[in-house]
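The values are calculated or read from the model by the stated rules, or taken from the named source; none is laboratory data. No experiment lies behind these values; they were computed from the predicted model shown. Please note: Cβ atoms are built from the backbone with ideal geometry, for glycine as well, and neighbour counts cover all protein chains shown. All accessible areas refer to the heavy atoms of the entire protein, side chains included, with ligands and DNA or RNA removed. Shrake-Rupley method; radii C 1.70, N 1.55, O 1.52, S 1.80 Å.
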Amino acid sequence: MSIRVSEDGRQFFLETKTSSYRMKADELGTLRHLYYGEKSGGDDLPALFHAVPRGHDANPHETGMKDRDYGLESIPQEYSGFGGADYRTTALRARFEDGTRTVRLRFESYRIEAGKYAIPGLPAAYDDRGDAETLVITLRDAETGLKAELYYAVFEEADVITRAVKVTNETAGTVTLEKCASLALDFPARDYDLMTFFGRWAKERTPERVKLAHGIRAVQSLRGASSLQYNPSALLLAPETTETSGEGYGIAFVYSGSFLLEAEKDPAGDVRLQLGIHPDLFSWKLAPGECFYAPEALLTWSNAGVSGISHHFHDFINRSIVRGKWRDAERPVLLNNWEGTYFHFDGEKLVAMAKAAAEIGVNLFVLDDGWFGKRDDDRSGLGDWQPNEAKIGCSIRELGEKVRAAGTAFGIWFEPEAVSEDSDLFRAHPDWAIAVPGREPSLARYELLLDLGRKDVQDRLIEDISSVIRASGAVYLKWDFNRSISDRYSAALPADRQGEFDHRYMLGVYRVLETLREAFPELLIEGCSSGGGRFDAGMLYYTPQIWTSDDTDPIERLMIQYGTSMIYPVRTMGAHVSASPNHQTGRKTPLHTRAVVAMSGTFGFELDVTKAPEEEKAEMREELETFRALYGLLQFGDLYRLLPPTDENCTVWEQAAKDGSRALLSTVRHTAHAARVLSGFQVQGLKDEAMYRVRMVREKDVEKLDDTSKTLFDGRTVSGRALRTAGLYVPVTCFPEEYEAFQILIEEA
Ligand code: DGJ
């Protein structure tokens, strides 16, 4: 049993495999947070997180004349209200009909539910192996009647706790919610580091670890999408925590819209962490009896370093967020025509590409942008999802058939949420595009967005997309989204509901995706947003993989995939081998390096394979065979980041089988130095007492090595203990090459 309650029904114990979480309702009904961390093993913890009066605290009236130490400002809480005397960041803010805004939440009751709760219309983790149990704690603002139910699902084996909130208007009048955080968590005064992820186009999710200082550190998106700029996830770490040791917490939002992530260190050093829909772009009107669901957030703790937190999230996302056939099934290796042709193709070219792709072993050809409406560049055509038969030289049905006859399955690109001003759809329904009446809206990549909050818009998209999938026999859909929301206004919402715009937009996107999933359960959907601009656990509920970045340069990808991997599994990261010189950076890299990096993602190709010389095609085929042979390790192994992309010489990472029987090391040299040094690292995840054979995946790589490296990487047997303690070093070659990459396989002998 992962949830226990004390006899008086006021103390709550949540237990995962390695962690404990504890809270209690005090005598005034405040739901206090007491502990979250290493499994405590008993109920009698000597040191629980408690309030230390700050001095001159404001006291609730009922205790003011008796206990001047009881102050909401210092009490660690599970979910804070507003307008009383807790001056820290608030979780819930509401405006009542009489204009008052005070919310004081007190414990009312609890219930335990078997399994995992679901959230209507929103993505949420699920449990299909009997791992989860749910605790619902009801809090109420007694003076108005506003009710907040806090949901905690405990996934014991997975070591993850999910949180969500349902607010119900049980007051006599209308309530307008102004803020409704999904996760709020208080931590005792200690030193903490906060790791968040920043980026921009072609530079997504760069990790940034800072010492948390007094005040508030926040990352956010006001873009209507989780964004290229910041990711809705963070790690709160002990200062001494490294990649493989030490304690830390991870949080991740199961939501894809505007968000606010705040870490407040108050003047006494206590820390309050919050994650939720961004309040600046949110208000929600509730008539009496109506309710609102704040989206879900994931929470985990580990004392196995940053990689321990990553492993919890990777396994959980692979197992309890990603759904359907493609959760477990081997995914197709695709070739996408975008960087191979951009908008300039005809049907013959596409079929030739599919044929050449089949020859190297690719089993899915994906037709990207430019196949529909009037679209030979990015200035027109979005919204007109009728295939351009003149351009492709046949119907979309025939094209699908020709691609299959060439030897691969067929997949297709859409940017459903966007519309070009120069499109039949815009001319017919100008009011469907997002714009403020009387103002010209901003264009981005020459496009506008459709008001996805409207049901008529959603239905039209479902119809348009479904008919293309049916006609073409597509088994894969790339769902792109290439601009942020601006100029918010919905013609379908009354004035006092315009604050609901962003969340209704997201609910609309989710409804379209869910309807398509139900209609086409075998369809593999890949998310995309100018690269990885909507890479979050919310999208992963509908799209098992997401295009990680428009930057396909393998050297730049090292940092992008490294940062993304802090939270998200290898299996979710779209990664392709593209042409050299690279189209984004102009850098020339060996094909093997491009392949090694793409293999720690979904692995695919994005170049004009028809132009590749035979020997290059043979090399591509070989890489693809390696990927298939190592599929289980690459896609489901525990990922260890052994040398970061900021290392002077090399990036090294490892994927280790969960039973410790084998591991794959990947090394990529950044630059070639004349004065070389050994880049050493310790191998993780093996069994100390077992013996392992260490060898290069490509036999031909052995020839490149100097004599000492040859003795080690050509099948030598080494103990797991030696690999963990003394470790290995990046193979040394006789002639250093820039950007050279190696794969080293370690297998139990
Ligand atoms: C942006 C995506 O990230 C690219 O992969 C490509 O699909 C283009 N859009 C097409 O317009």
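Residues checked against (1) within 15 Å of the ligand (Cβ to nearest atom); (2) surrounded by 21 or more Cβ atoms within 10 Å (Cβ to Cβ):
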| position | (1), (2) |
| --- | --- |
| Tyr446 | yes, no |
| Asp464 | no, no |
| Trp479 | yes, yes |
| Asp487 | no, no |
| Ala491 | no, no |
| Ala495 | no, no |
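Close Cβ contacts (under 6 Å, 6 or more residues apart or on different chains) running from residues in the range 405-421 that are at positive phi to residues that are more than 14 Å from the ligand (Cβ to nearest atom) comprise Gly407/Ala358. Check the range 66-82 and report whether any residue there is open to solvent by less than 50 Å² (accessible area, probe 1.4 Å), in contact with a Gly (Cβ under 7 Å, 6 or more places away or on another chain) and in a loop (DSSP other than H, G, I, E, B). Yes - at least one qualifying residue is present in the range 66-82. Evaluating Tyr35 against the criteria (1) in a strand (DSSP E or B); (2) farther than 23 Å from Ile309 by Cβ leaves one unmet condition, (2).
Looking at Ala390, is it away from the ligand (no atom under 16 Å from the Cβ), open to solvent by 20 Å² or more (accessible area, probe 1.4 Å), of a type in the set (A, V, I, L, M) and without any contact (Cβ under 8 Å) to a residue 24 or more places away in the chain? Here the answer is yes, as Ala390 does meet what is asked.
Here is a yes/no grid of residues against (1) out of contact with any Gly (no Cβ under 8 Å at 6 or more places or on another chain); (2) within 14 Å of the ligand (Cβ to nearest atom); (3) not in a loop (DSSP other than H, G, I, E, B):
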residue	(1), (2), (3)
Pro521	no, no, no
Glu526	no, yes, yes
Thr543	no, yes, no
Ser549	no, yes, no
Thr552	yes, yes, no
Glu556	yes, no, yes
Met559	yes, no, yes
Tyr562	yes, no, yes
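Which residues, taken from the range 369-387, are within 15 Å of the ligand (Cβ to nearest atom) and in a strand (DSSP E or B)? Across the range 369-387, the qualifying residue is only Phe372.
Does the range 309-325 include one or more residues that are within 16 Å of the ligand (Cβ to nearest atom), on the phi < 0 side of the Ramachandran plot and open to solvent by less than 30 Å² (accessible area, probe 1.4 Å)? No, the range 309-325 has no match at all. In the set Glu170, Glu247, Glu240, which member is more than 16 Å from the chain's Cα centre (by Cα), within 30 Å of Ala118 (Cβ to Cβ) and charged (D, E, K, R)? On inspection, the qualifying residue turns out to be Glu170. Scan the range 466-477 residue by residue and report those that are surrounded by fewer than 16 Cβ atoms within 10 Å (Cβ to Cβ) and among the hydrophobic types (A, V, I, L, M, F, W, C). Listed by number, the list holds a single entry, Ala471.
When you look at Thr733, is it open to solvent by 60 Å² or more (accessible area, probe 1.4 Å) and among the hydroxyl-bearing types (Ser, Thr, Tyr), yes or no? Judged against the criteria, Thr733 is not a match.
Within the option set Val366, Val351, being in contact with a Lys or Arg (Cβ under 8 Å, 6 or more places away or on another chain) and either within 13 Å of the ligand (Cβ to nearest atom) or open to solvent by less than 30 Å² (accessible area, probe 1.4 Å) (or both) holds for one residue only, Val366. With the requirement that a residue be among the hydroxyl-bearing types (Ser, Thr, Tyr) and open to solvent by 10 Å² or more (accessible area, probe 1.4 Å), what does the range 555-564 give you? Within the range 555-564, Tyr562 is the sole residue that qualifies. Can you confirm whether Ala433 is surrounded by fewer than 16 Cβ atoms within 10 Å (Cβ to Cβ), free of Cβ contacts under 8 Å to residues at least 24 places away in the same chain and aliphatic (A, V, I, L, M)? It is false that Ala433 is surrounded by fewer than 16 Cβ atoms within 10 Å (Cβ to Cβ), free of Cβ contacts under 8 Å to residues at least 24 places away in the same chain and aliphatic (A, V, I, L, M).
Quick grid of which residues meet (1) in contact with a Lys or Arg (Cβ under 9 Å, 6 or more places away or on another chain); (2) touching a residue at least 60 places away in the same chain (Cβ under 8 Å); (3) over 20 Å from Ile161 (Cβ atoms); (4) small (Gly, Ala, Ser):
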position: Ser302; (1), (2), (3), (4): no, yes, no, yes
position: Ile309; (1), (2), (3), (4): no, yes, no, no
position: Phe313; (1), (2), (3), (4): no, yes, no, no
position: Val322; (1), (2), (3), (4): yes, yes, no, no
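Just the residues that are within 11 Å of the ligand (Cβ to nearest atom) and small (Gly, Ala, Ser), please, taken from the range 528-539. If the condition is that a residue be within 11 Å of the ligand (Cβ to nearest atom) and small (Gly, Ala, Ser), then Ser529, Ser530, Gly531, Gly532, Gly533 are the ones that fit. Which of the residues belonging to the range 193-216 are charged (D, E, K, R) and touching a residue at least 60 places away in the same chain (Cβ under 8 Å)? Lys203, Glu204, Arg205, listed by residue number. Between Thr610, Thr585, the distinction of being of a type in the set (Ser, Thr, Tyr) and either over 24 Å from Ile412 (Cα atoms) or within 16 Å of the ligand (Cβ to nearest atom) (or both) belongs to Thr585 only. For the range 256-274, name all the residues that are in a loop (DSSP other than H, G, I, E, B) and surrounded by fewer than 24 Cβ atoms within 10 Å (Cβ to Cβ). Asp266, Pro267, Ala268, Gly269, Asp270 - these are the residues of the range 256-274 that are in a loop (DSSP other than H, G, I, E, B) and surrounded by fewer than 24 Cβ atoms within 10 Å (Cβ to Cβ).
One line per residue, one yes/no per condition, for (1) within 14 Å of Gly340 (Cβ to Cβ); (2) within 16 Å of the ligand (Cβ to nearest atom):
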position: Ala598; (1), (2): no, yes
position: Phe605; (1), (2): yes, yes
position: Glu623; (1), (2): no, no
position: Tyr631; (1), (2): no, no
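Pairs linking a residue in the range 242-259 that is among the small types (Gly, Ala, Ser) to a residue that is surrounded by 18 or more Cβ atoms within 10 Å (Cβ to Cβ) and in a strand (DSSP E or B), with Cβ atoms under 6 Å and 6 or more positions apart or on different chains, are Gly248/Leu235; Gly248/Leu237; Gly250/Leu235; Gly250/Thr300; Ala252/Ser233; Ala252/Leu298; Ser258/Ser221.
Scanning the range 329-344 for residues that are of a type in the set (A, V, I, L, M, F, W, C), away from the ligand (no atom under 12 Å from the Cβ) and surrounded by fewer than 21 Cβ atoms within 10 Å (Cβ to Cβ) turns up just one, Ala329.
Restricted to the range 640-661, and to residues there that are open to solvent by 10 Å² or more (accessible area, probe 1.4 Å) and touching a strand residue (DSSP E or B) at 6+ places or on another chain (Cβ under 6 Å), the residue that is nearest to Arg327 (Cα to Cα) is Tyr640.
When the range 565-620 is examined, which residues are found to be β-branched (Val, Ile, Thr), surrounded by fewer than 24 Cβ atoms within 10 Å (Cβ to Cβ) and more than 27 Å from the chain's Cα centre (by Cα)? If the condition is that a residue be β-branched (Val, Ile, Thr), surrounded by fewer than 24 Cβ atoms within 10 Å (Cβ to Cβ) and more than 27 Å from the chain's Cα centre (by Cα), then Thr589, Thr610 are the ones that fit. Beta carbons closer than 6 Å, at least 6 apart along the sequence or on distinct chains, pair a first residue in the range 148-169 that is on the phi > 0 side of the Ramachandran plot with a second that is in a strand (DSSP E or B) for Asp159/Thr300.
In the range 228-237 there is at least one residue that is open to solvent by 10 Å² or more (accessible area, probe 1.4 Å) and in contact (Cβ under 8 Å) with a residue 40 or more places away in the chain.
Looking only at the range 409-419, decide whether some residue is touching a helix residue (DSSP H, G or I) at 6+ places or on another chain (Cβ under 9 Å), of a type in the set (D, E, K, R), over 22 Å from Val609 (Cα atoms) and more than 16 Å from the ligand (Cβ to nearest atom). Checking the range 409-419: not a single residue is touching a helix residue (DSSP H, G or I) at 6+ places or on another chain (Cβ under 9 Å), of a type in the set (D, E, K, R), over 22 Å from Val609 (Cα atoms) and more than 16 Å from the ligand (Cβ to nearest atom).
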